[in-house]
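The values are calculated or read from the model by the stated rules, or taken from the named source; none is laboratory data. On a predicted model such as this, the values are computed, not experimentally measured, just so you know. Every residue, glycine among them, receives a Cβ derived from its backbone with ideal geometry; neighbour counts consider all protein chains shown. Ligands, DNA and RNA are excluded from the accessible area calculation, which covers all protein heavy atoms including side chains. Shrake-Rupley method; radii C 1.70, N 1.55, O 1.52, S 1.80 Å.
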Amino acid sequence: MTTINTPFEEIVRSRRSMRRYDQTISYDKSIVKKSLELAMLSPNSSNMQLWEFYRVTSDEAKKNIAHFCLDQNTAKTASELVVFVARPDHVKRSIQHNLDLVNDENSFEKKSHRERRRTYYSKTMPMFYSNDFMFIFSLLKKLFVTLIGMKKPMVREVTAINKKVTIHKSVALAAQTFMLAVKSYGYDTCPLEGFDSKRIKKYLGLPKAAEINMVITVGKGTEEGIWYPQKRYDYDMVVKEV
Ligand SMILES: Cc1cc2nc3c(=O)[nH]c(=O)nc-3n(C[C@H](O)[C@H](O)[C@H](O)COP(=O)(O)O)c2cc1C
């Protein structure tokens, strides 16, 4: 197995959004697979793994997806693109997967942990991810947590919209792990939200319920692909200590 020897700080500091790739180099496809394997180790809400990753590798598919990414240069010159997809419609499968893990006799969970997790995946998760009808169920859940929350700390984000945010948070964490992993192997990326999600979903054969989180372009970066120096707010402006 290939290991990454680049120090973490160097990877983070050298990652930049790449707007033009070198199309003359031969490209090592295996780094995308390895980076996706690392991305899948990212923390994700309740280990539901409501994500999918579509590798766009053929010339024809790349041309089409780049066009749906509004013909941005980063997409047109990429060696490969990866579409990060949120799958709220895979909830049942994820719950079952987690229950199977909990019920696996070879799992080394403590008995008390196991019972708690069984209840969590058989009761709490179905409730949180339950389908909504005209936001009525969301309203009821919101009312319920507001009442409980008057007496003790309570998770407040229980509506249908919150559910989407929860899933997208986890997919975005995987996207970040992916970009840092690609950088660690000596290649570059650019995350995109400038795309036509409807066209991409249709092209990939995704159902209506699936949502595109990000498209990430991958390739060997160029100097002109970095558009401006990396500038961020001063530390004290955004970091508060309490
Ligand atoms: C969710 C998200 C969407 C983005 N969408 C685009 C995009 O459509 N096109 C683009 O050129 N850059 C896009 N970017 C890249 C940002 O512009 C870039 O990260 C930011 O300017 C900071 O630059 P840096 O990544 O080089 O540090 C996106 C970044 C994120 C996180």
Under 26 Å Cα to Cα from K151, which lysines show up? Leave out anything in the same chain fewer than 8 places away.
K123, K141, K142, K163
Amide H contacts under 5 Å for N213, restricted to residues at least 5 apart in sequence or on another chain and with H modeled in the peptide plane, are F84, V85, A86
Please determine, in degrees from 0 to 90 and to the nearest 10, the orientation of helix 59-68 with respect to the longest principal axis defined by the Cα atoms of the chain, where the helix direction is its Cα long axis.
70
For the stretch 64-78 and the stretch 114-145, write down the distance between their C-alpha centroids in whole Å.
40
Let me have the relative contact order for the stretch 93-157, percent, based on Cα pairs under 8 Å that are six or more residues apart.
23
Accessible area per residue for the chain in Å², computed with a 1.4 Å probe and the full protein assembly in place, what is it?
64
Does anyone have the angle between helix 91-103 and the longest principal axis of the chain? Alpha-carbon axes, 0 to 90°, nearest 10?
70
For the chain, the longest principal axis of the Cα atoms and the Cα long axis of helix 30-39 enclose an angle in degrees, to the nearest 10, of 30
Quick one: which of 181-190, 41-50 comes out on top by average Cβ neighbours within 10 Å, and what's the full order, highest first?
181-190, 41-50
Order 19-29, 103-113, 127-137 from most to least packed using the mean count of other Cβ atoms within 10 Å.
19-29, 127-137, 103-113
Given only helices, namely DSSP H runs of n ≥ 4 each adding -39500 (n - 2.57), what is the per-residue ellipticity at 222 nm of the chain, to the nearest 500 deg cm²/dmol?
-13000 deg cm²/dmol
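When the accessible area of the chain is computed with all protein chains present and a 1.4 Å probe, what percentage of it is carbon and sulfur?
Details: 8910 of 15490 Å².
Carbon and sulfur: 57 percent of the exposed surface of the chain.
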